[in-house]
Amino acid sequence: MILIIDFGSQVTQLIARRLRDAGIYTEIMPSTSDSAPYLAKKPKGVILSGGPNSVTHSDTPRVPDAIWNNAPVLGICYGQQTMCEQLGGKVEAGTSREFGRARLEVITECLLFENLPYETDFDVWMSHGDHVAELPDGFEVVACSKGAPFAAIANSELGYYGVQFHPEVVQTVGGTQILKNFATLICGCENSWSMAAYKSQAISDIKEQVGLNGRVICGLSGGVDSSVAAILLHQAIGDRLTCVFVDHGLLRKGEAEEVVALFGSRYNIPLIHKDASKLFLSKLEGVSDPEQKRKIIGASFIDVFDEEAQKISGAAFLAQGTLYPDVIESISVAGGNNVTIKSHHNVGGLPEHMKLTLVEPLRMLFKDEVRQLGRELGLPEVLVGRHPFPGPGLAIRMPGSISEDKLDILRNADAVYLDAIRKAGLYDEIWQAFAVLLPVKTVGVMGDARSYEYVCGLRAVTSTDGMTADIYPFSSEFLAHVATRIINEVSGINRVVYDYTSKPPGTIEWE
Ligand code: XMP
């Protein structure tokens, strides 16, 4: 495996993505001054990520010295700079900043630049204020750009390489090949990592963790992550898995029935289906504040889940569909975003007093890798390809107070919208699409009569991770078609609007 040491760059995850896509297993760890966790991984190569700091300040992070002389190292941006500084070179602040596209000229042969689809110069993506001003002994310059005379450097004898540009972003043409060259030609990794291999490994890891008699509880939400986790566990330990599906009454149309049919009937997994919609609705009555809604739903969910889980005797483990971005976020040196925009309460969290050990078989996977694993496990495509859905469900797609009537209207509008998107063959191009019910009524005319009904907002975005998003550019014909369908087919709505806000400045959900 290749170990990536994270100095807090916004794009560190992309380094792992590119390499995994190329069949090379990678893991990310935050930068620390203790070398033990890194060395314990026995990596075949180490990549030092970029980061927001400047190595010209002495209190910024460095690599522990024990990293050197172990395996080849590739430093990217801040990673290159700290490599140079630590090995005896010099880094200077500021005079030749480069942000954005730059032309790289390769001036001498280097394994990093093998098998590229161009000869000696190509576009790369730069984002740096500081630059390397003096190389450590034993290094040579292998490529330069206008603003970075040391844009790529190498000490091929020791296996140390550094690039000022970012090979992990798509704007660097052939960037994946550069990373792959490091892993295969320089570190000797094989590009044989596949989802089939991951599945077998995950199943044997679950068997080992749970033992021969251990019992596991898994919270099902109807989403991709918990579904894939449940099927994987079922393949590993069979009936010693019990799924608990707490239906909070805030799901999309037909979703609760689908979960029960798929897991209970088709897969025959022991399933507790708790319809707690009345309880949730009564607790949410009169509540309009989005954070308040999230908190009520989160707390009630834990109570109900706990009560149901206690009925399962002898369970010592709780399975969760935690994904790699959550794992990285919670340990990142960057510490994530300090400002709470929304307290994303993930339904399925561990109630603190429950003395259960966590089983998290997806904690090393990105979202699209979970989808691949789902396919590998034979889950139906409609489930595997399903858009993400927030834990608090339709409650945060309904600004203002929640009622059963409004939920029905929203469910019906959402179902018509998604049906139109599927029929137009657009579902898989979109990251998330959903309807929102606004807390305002407007006047319309239907037949010859005056109508006074709710406004429905439509949202559709493209994204790779939900952190940023662009609006999906439907044709005006499609939008007009879907607006007509919603008004004709859903009673309670007489006006439809489309949300043209990207993220940022908007967020994907309306609350
Ligand atoms: P926002 O609205 O913050 O959403 O741009 C980003 C992604 O997170 C989902 N989301 C949530 N998921 N609990 C969740 O489990 C929440 O409270 C929550 N709020 C937003 C949202 O659907 C999108 O995929």
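Points worth noting:
- Count of residues meeting criterion [open to solvent by less than 20 Å² (accessible area, probe 1.4 Å) and either within 16 Å of the ligand (Cβ to nearest atom) or touching a strand residue (DSSP E or B) at 6+ places or on another chain (Cβ under 7 Å) (or both)] in region 365-378: 2
- Among the residues making up region 173-198, those that are outside any loop (DSSP other than H, G, I, E, B) and hydrophobic (A, V, I, L, M, F, W, C) are Ile178, Leu179, Phe182, Ala183, Leu185, Ile186, Met195, Ala196, Ala197.
- Identity of the residue in region 435-475, in a strand (DSSP E or B) and among the polar types (S, T, N, Q), that ends up nearest to Tyr324 (Cα to Cα): Thr462
- Within region 379-411, the residues that satisfy the criterion of being away from the ligand (no atom under 16 Å from the Cβ), open to solvent by 40 Å² or more (accessible area, probe 1.4 Å) and within 19 Å of Gly222 (Cβ to Cβ) are Glu381, Val382, Asp408, Arg411.
- Residue within region 281-301 that is modelled with pLDDT under 95, under 24 Å from Gln209 (Cα atoms) and surrounded by 15 or more Cβ atoms within 10 Å (Cβ to Cβ) present: no
- Of all residues assigned to region 201-217, at least one qualifies as being β-branched (Val, Ile, Thr), farther than 30 Å from Ala299 by Cα and not in a loop (DSSP other than H, G, I, E, B).
- Considering (1) surrounded by 16 or more Cβ atoms within 10 Å (Cβ to Cβ); (2) at positive phi; (3) not polar (S, T, N, Q), the lone condition that Tyr198 does not fulfil carries the number (2).
- Some residue of region 57-67 being more than 18 Å from Val173 (Cα to Cα), open to solvent by 50 Å² or more (accessible area, probe 1.4 Å) and under 28 Å from the mean Cα position of the chain (by Cα): yes
- The residue of region 309-361 that is modelled with the highest pLDDT, among those that are among the charged types (D, E, K, R) and farther than 21 Å from Phe389 by Cβ, is Lys311.
- Subset of region 471-511 that is of a type in the set (D, E, K, R) and closer than 21 Å to Ile396 by Cβ - its residue that is farthest from the ligand (Cβ to nearest atom): Asp499
- Some residue of region 173-182 being open to solvent by less than 10 Å² (accessible area, probe 1.4 Å), within 24 Å of the chain's Cα centre (by Cα) and not assigned by TED's automatic domain parsing to the domain that holds Gln86: no
- When region 439-470 is filtered for residues that are away from the ligand (no atom under 16 Å from the Cβ) and buried (at least 18 other Cβ atoms within 10 Å of the Cβ), the ones remaining, listed by number, are Glu453, Tyr454, Cys456.
- Within the option set Pro43, Pro52, being open to solvent by 50 Å² or more (accessible area, probe 1.4 Å) and touching a residue at least 40 places away in the same chain (Cβ under 8 Å) holds for one residue only, Pro52.
- Scanning region 224-242 turns up one or more residues that are crowded, with 24+ Cβ neighbours inside 10 Å and assigned to a strand (DSSP E or B).
Let's see how each residue does on (1) in the same structural domain as Leu323 (by TED's automatic domain parsing); (2) open to solvent by less than 10 Å² (accessible area, probe 1.4 Å):
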{"site": "Ser156", "(1), (2)": "no, no"}
{"site": "Glu168", "(1), (2)": "no, yes"}
{"site": "Asn213", "(1), (2)": "yes, no"}
{"site": "Val216", "(1), (2)": "yes, yes"}
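- Hits in region 375-416 (condition: of a type in the set (Lys, Arg) and not in a helix (DSSP H, G or I)): Arg386
- Annotation: Leu250 fulfils all but one of (1) within 16 Å of the ligand (Cβ to nearest atom); (2) touching a Pro at 6+ places or on another chain (Cβ under 8 Å); (3) assigned to a helix (DSSP H, G or I); the unmet one is (3).
- If the condition is being open to solvent by 20 Å² or more (accessible area, probe 1.4 Å) and touching a Leu at 6+ places or on another chain (Cβ under 8 Å), then region 1-21 contributes only Arg18.
The values are calculated or read from the model by the stated rules, or taken from the named source; none is laboratory data. Since this is a predicted model, take the numbers as computed values, not measurements. Because the Cβ atoms are built from the backbone with ideal geometry, glycine has one as well, and the counts that use them run over all protein chains shown. Only protein heavy atoms, including side chains, enter the accessible area calculation; ligands, DNA and RNA are left aside. Shrake-Rupley method; radii C 1.70, N 1.55, O 1.52, S 1.80 Å.
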